[in-house]
Amino acid sequence: MNARPAAERMHVAGYACLGELLRDALVVHKAETVLIEASRKREAGRWTGWEVKLLGERVAARLQDAGVGPGDRVAIVLSNQSKWLISAYGALFAGAVLVPIDHKLTGPEQEALLAHAQPSVVITEFAIWRTWDAAPAGQVWVAEAPKGADVDRWESLPEHGGTFVPRDREDTATIVYSSGTGGTPKGCMLPHRAYLAQLDALLGRFPLAPGDRYFSILPTNHAIDFMVGFVGPFVCGATVVHQRTLRPELLRWTMKRYRITHMAVVPLVLEAFKRAIDEKLDALSGWRRSLADTLIAANARLTERRPRHAVSSRLLKPVHDAFGGELRLLFCGGAYTDRKLAEFFYDLGIPVVIGYGTTEACTVITVNRTDPWRGDSVGDVLPGVEVRIHDADADGVGEVHVRGPTLMSGYLDAPELTEAAFLDGWYRTGDLGHFDAAGHLHLVGRQKDMIVTAGGKNIYPDDVAFAFRGVEAEELTVFAENYLWPERTMQDERLLLVVRGEVTGALLGEIAEKNRRLPDFKRVSGVLRWEEEFPRTASMKLKRHVLADALRAGRTRADVVPL
């Protein structure tokens, strides 16, 4: 199962839309296994490029029979599985706009985003569908429903394929939500040219080929996995592997069974991998531990300039065998990645490629290379993308601004938000950073009131504040602690609940109870009291920046009541 030369990949730049590119790629790679689905410790199915093409175009036919036309929206709320990719291809083939929704959100959160997106068709699975209080507008196709369930089944596909509908490069390909489950929805409208430009740049740096096997564990609605766990492998004839149950022992089984070569992870997954390795190393004693340390040090010297998988996998065979023996690259993004964590894996011969991006910029803005490898930055700028440091201070630190073909065309139905997100054509990321002499970007903090968790989740304060509605407080809102009192760090970011009025024991009890019901990555860490009325516009919108300035002037971290 060795990879074949990357030169066989498609010439992306010549295409106008994703549907056309994927259609041709699945023909070029018609005999390759492009998709494998495992369920626990058994293989549930595998598909060649040709089989995915035929199935996807049957999905397109059903969409068209249902009246879905060019530009109509098709939402996908599925866990990582074959039907996700097959449905996405079918929708793009039919000229529809994909609306990927995170399957890990709660039912009400998913319903809120679907209500905003207004898709013509929603494709979901029975376990998710059961969590919804009311059916979304439009048709709902439910996969894997038990016998007797009164649903419109995904599996009811026609035998014939649909008609290909071409789209222009500036037409919207997807609407991807960066926030909005409880506050203001922010659906990024990403055109076909954004994905085509991004894919072309990424494959120039990290080529895939038939025989490569990518293990998709991040939700496919995530910008990273959409690109490197769907579009990229299909275009290159590589194999996407799904595991329906992502327990640690099944992750290990899948990596060994399919000899995974590539994965995209968030720092929390890297930390879990490191703990498992540390436990094995700590169990060694005497000369065995000394030998292991000597081999790790030798590998670090031999691979100082660039990865050498053949060398590392022999020197440190037990470590590599635990990951399947052929793992060559881990993409890591979505949250701050500690340099020492990346270096730990590189010394073992498993390079972690750190990148930086935003949903609004499609996937990646900067990314490190492997020759030479670096773990101390978020990389240099991808071809075709421009980055500037706006309003830099004496240390060269300022807000990171981006422009180029990978940017969104705007937020869905939110012209005010779109206007605020740009400055003279540059997208304002809200992240603070600086460039080093080699042109590598270093992030040092956030200017905007958003928090990114170690698991790669974008948490917007309005979304969290929505969960505390009903408590006995005159007014409340949520801020990221490092936004109120900036520290030049990307670690240990926390959320605070700012409450107007008296903070009693009873109120703290109410807040703590609601806090416990939130996913751990959305919980606030403390409460901050404020006596004055919150500043608001004539239309009663909170003036967040004005309130933040007042809090900075009148409060410190010491005033926070921890929860």
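The values are calculated or read from the model by the stated rules, or taken from the named source; none is laboratory data. Keep in mind it's a predicted model, so treat the numbers as computed, not measured. Neighbour counts are summed over all protein chains in view; Cβ atoms, including those assigned to glycine, are modelled from backbone coordinates with ideal geometry.
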In segment 106-124, the residues that are assigned to a strand (DSSP E or B) and in contact with a Ser or Thr (Cβ under 6 Å, 6 or more places away or on another chain): ILE123
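Take the residues of segment 52-92 that are of a type in the set (D, E, K, R) and part of a helix (DSSP H, G or I): which is surrounded by the most Cβ atoms within 10 Å (Cβ to Cβ)?
The extreme case among them is LYS53.
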Conditions (1) at pLDDT below 95; (2) under 26 Å from GLY232 (Cβ atoms): number failed by GLU170: (1)
Test for ALA112: is it of a type in the set (A, V, I, L, M) and modelled with pLDDT under 95: yes
Residue, nearest to ALA173 (Cα to Cα), within segment 398-432, restricted to residues that are touching a residue at least 60 places away in the same chain (Cβ under 8 Å), touching a helix residue (DSSP H, G or I) at 6+ places or on another chain (Cβ under 9 Å) and of a type in the set (A, V, I, L, M): MET408
Residue within segment 191-203 that is closer than 18 Å to ALA414 by Cα, in the same structural domain as VAL99 (by TED's automatic domain parsing) and touching a residue at least 24 places away in the same chain (Cβ under 8 Å) present: yes
Residue selected from segment 7-23 under the condition under 25 Å from the mean Cα position of the chain (by Cα) and among the small types (Gly, Ala, Ser), by the criterion modelled with the lowest pLDDT: ALA13
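How many of the residues making up segment 207-221 are among the aromatic types (Phe, Trp, Tyr) and either modelled with pLDDT under 95 or assigned to a helix (DSSP H, G or I) (or both)? Don't jump to the end; show me each part of the working.
As a first pass, look at segment 207-221 and keep what is among the aromatic types (Phe, Trp, Tyr): 214-215.
Still in the list and also either modelled with pLDDT under 95 or assigned to a helix (DSSP H, G or I) (or both): none.
Residues that pass the stated criteria total 0.
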Scan of segment 20-51 for residues that are in a strand (DSSP E or B) and charged (D, E, K, R), ordered by number: GLU37, ARG42, GLU43, ARG46
Qualifying residue in segment 123-133 (condition: touching a residue at least 60 places away in the same chain (Cβ under 8 Å), buried (at least 19 other Cβ atoms within 10 Å of the Cβ) and of a type in the set (A, V, I, L, M, F, W, C)): no
Top-ranked residue of segment 444-466 - restricted to ones that are modelled with pLDDT of 80 or more and buried (at least 20 other Cβ atoms within 10 Å of the Cβ), ranked as nearest to GLU271 (Cα to Cα): VAL464
Residue tally, condition under 18 Å from CYS362 (Cβ atoms) and at pLDDT below 95, over segment 385-416: 0
Answer residue from segment 514-541, given it is at pLDDT below 90 and among the small types (Gly, Ala, Ser) and is nearest to the chain's Cα centre (by Cα) among those: SER539
Test: residue in segment 488-501 that is in contact with a Leu (Cβ under 8 Å, 6 or more places away or on another chain), at pLDDT below 90 and farther than 17 Å from GLY470 by Cβ: yes
Unique residue being basic (Lys, Arg), within 30 Å of ILE217 (Cβ to Cβ) and touching a residue at least 60 places away in the same chain (Cβ under 8 Å) when the list is ARG374, ARG339: ARG374
Total residues in segment 336-368, condition assigned to a loop (DSSP other than H, G, I, E, B) and under 20 Å from the mean Cα position of the chain (by Cα): 11
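Quick check on segment 93-105: of everything there that is modelled with pLDDT of 95 or more and assigned to a loop (DSSP other than H, G, I, E, B), which residue is farthest from ASP150 (Cα to Cα)?
Among residues in segment 93-105 that are modelled with pLDDT of 95 or more and assigned to a loop (DSSP other than H, G, I, E, B), the one farthest from ASP150 (Cα to Cα) is GLY95.
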Hey, LEU203 farther than 22 Å from TYR177 by Cβ, touching a helix residue (DSSP H, G or I) at 6+ places or on another chain (Cβ under 7 Å) and surrounded by fewer than 24 Cβ atoms within 10 Å (Cβ to Cβ) or not: yes
Residue check, LEU26 buried (at least 21 other Cβ atoms within 10 Å of the Cβ), within 24 Å of the chain's Cα centre (by Cα) and in the same structural domain as SER82 (by TED's automatic domain parsing): no
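Just checking: which of the strands (runs of 3 or more DSSP E) contained wholly in segment 222-335 hold 3 or more residues that are aliphatic (A, V, I, L, M), in contact (Cβ under 8 Å) with a residue 24 or more places away in the chain and buried (at least 16 other Cβ atoms within 10 Å of the Cβ)?
Correct list: 262-265.
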